[in-house]
Amino acid sequence: MTRINNLIGEMNVKFFSFIMITALFAVALTSCEDKDKDKKIRVEVEWDALTGTTIEVGETLILKGKVTPADVLKKEDFTLVSSDPSVATVESVVQGANVTVTVTGVKPGPATVTFTITESGISRSVNVTVVEKGNGNGNGNGNGNGNGNGNGGDCDCETSAFDGTITATVENGNAYNSIVSKIVVYAYTADYENYEEIASGSYSNGGFTITLPAKPDAKFLDSFDEEDFGSDVEISDKNVKIFQVGGSDDFVVAFDSEDEFVNTLLYVKFDSTPTEVLFMYADGDVTITGSLTFDDVNATYCMSLKEGWNVVYVTSVSKNEIEYSTNAVDGLKWYFFGEEIDE
């Protein structure tokens, strides 16, 4: 497991399909050499949200995975671990190529659930945030009719445009000074056929600086899909194309001096309303406002994108409500994936 294409591959979801909340991640991964040919293993993981999921103390979450070829789990062992069993515990049941994982919230806090095929070294992780009981249900608007209420048009959308330069100080980052040499940013093309490096920078003194491309190649730009939004979400200019960097746990990756994979990084806030960040490029100014409901989860949009790079904050307000906004959220920090976090 030496390079990024040994860790991740095609993710069969479009950017704005994350409004559907239950998203299917399909990761095409290449295993180690098996005699005279390479075996390709495809791991599919389904969970409650594209950027992670929130459960309450005492609540269980079911993750369903599938490994192909179907006989892989007969030939190879696998491990399933929680980064913090005091926050969330995990159990698994294997039936042929299907793996069912039960995650149970124990106490408030963040945890990472990681499934690894031992011999091949292939892994997939899910971020889970456990919140106090009673914090994760109901959005309080009482509409419950599944058509959204369009009230996002009343929100005051600030802009979050920036020049594309990311300067980061990583929590506990100095511990990695002798290990990490380079930070690389990866992203999917619009057709989700390729996962490519788009920027890189050196790592030192517990942090890094990376400049995203001033004008991304056209192959990365994608159009809005009106069917995903419905009539209650307003898009000021549907001709604008966008490009998202982020929305998964493996878009900012750390390597050592030998180009060996070390870890991934996240820019997040862990508390009762966990927040993650998407870096989004737009080829023109566009405002997206409104809300819709899907599978009992309400998604609200208050995004004012300017031509160029923007920061979009994705906040899990509760188990049943997610906000996508360009209004700044305080308290986000950069973390190496799996680091113990004291909040």
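Quick one: what are the phi-derived ³J(HN,Hα) couplings along the range 196-206, Karplus 6.51/-1.76/1.60 with θ = phi - 60°, whole Hz, x for glycine and proline?
Karplus values, whole Hz, x for Gly and Pro: 10, 6, 10, 6, 7, x, 7, 10, 7, 6, x.
Arrange the residues Glu323, Glu196 by how much accessible surface each exposes, largest first, with a 1.4 angstrom probe.
Glu323, Glu196
Roll a 1.4 angstrom probe over the protein heavy atoms and tell me the percent of accessible area of the range 229-275 that is carbon or sulfur. Mind dumping the intermediate values first?
Working: 670 of 1800 Å².
Of all accessible area on the range 229-275, carbon and sulfur atoms account for 37 percent.
To the nearest 10 square angstrom, what accessible area does Phe162 show with a 1.4 Å probe?
Approximately 50 Å² of Phe162 is accessible to the 1.4 Å probe.
Return the FRET efficiency for the residue pair Asn239, Glu158: r is the Cβ-Cβ distance, R0 is 25 Å, and the value is rounded to the nearest 0.05.
Details: r = 23 Å, r/R0 = 0.93.
Once the sixth-power term is evaluated, E becomes 0.60.
For Ser86, Ser316, write out the residues from largest to smallest accessible area, computed with a 1.4 angstrom probe and no ligands counted.
Descending order: Ser86, Ser316.
What's the FRET efficiency of Ile62 with Glu132 using the Cβ-Cβ distance as r and R₀ = 25 Å, to the nearest 0.05?
Step by step, r from the Cβ atoms, then E = 0.70.
I'd like the Karplus ³J(HN,Hα) series for the range 276-284: coefficients 6.51, -1.76, 1.60, θ = phi - 60°, whole numbers in Hz, and an x wherever there's a Gly or Pro.
Result, ordered by residue: 10, 10, 10, 9, 10, 9, 10, 8, x Hz.
From largest accessible area down, sort Phe243, Phe337; use a 1.4 Å probe on the protein chains.
Accessible-area ranking of Phe243, Phe337, largest first: Phe337, Phe243.
Among the listed pairs Lys215/Lys238; Lys107/Lys269; Lys238/Lys269; Lys107/Lys319; Lys215/Lys241, give every one whose C-alpha distance is greater than 23 Å. The partial results should precede the final answer.
Working: Lys215/Lys238 19 Å; Lys107/Lys269 17 Å; Lys238/Lys269 31 Å; Lys107/Lys319 16 Å; Lys215/Lys241 12 Å.
In this structure, Lys238/Lys269 exceed 23 Å between Cα atoms.
Starting from the amide H of Leu212, placed 1.01 Å from N in the peptide plane, find each other amide H under 5 Å away whose residue is 5 or more places distant or on another chain.
Those lying under 5 Å, H to H, from Leu212 are Thr165, Ile166.
How far apart, in nm, are two points set 7 Å out from the Cα along the Cα-to-Cβ line at Thr169 and at Phe294?
It works out to 3.9 nm between the two label points.
Can you give me the accessible area per residue for the range 262-343, using a 1.4 Å probe, in Å²?
Computed with neighbouring chains in place, this is 35 Å² per residue.
Would you work out if the range 154-276 is rounded, prolate or oblate? Take a ≥ b ≥ c from the square roots of the eigenvalues of the alpha-carbon gyration tensor; rounded if a/c is under 1.5, else prolate when a/b is larger than b/c, oblate otherwise.
Values: a/c = 2.33, a/b = 1.66, b/c = 1.40.
Note, shape of the range 154-276 comes out prolate.
Apply 1/(1 + (r/R0)^6) to the Cβ-Cβ distance of Glu193 and Ser231, taking R0 = 35 Å, and write down the FRET efficiency to the nearest 0.05.
Taking R0 as 35 Å, the efficiency between Glu193 and Ser231 is 0.65.
Would you give the gap between the C-alpha center of the range 177-234 and the C-alpha center of the range 82-124, rounded to a whole Å?
Between the Cα centre of the range 177-234 and that of the range 82-124, the gap is 27 Å.
The values are calculated or read from the model by the stated rules, or taken from the named source; none is laboratory data. Since this is a predicted model, take the numbers as computed values, not measurements. Using ideal geometry, Cβ is built from the backbone for each residue, glycine included, and neighbour counts are taken over all protein chains shown. Note: areas computed on protein heavy atoms with side chains; ligands, DNA, RNA excluded. Shrake-Rupley method; radii C 1.70, N 1.55, O 1.52, S 1.80 Å.
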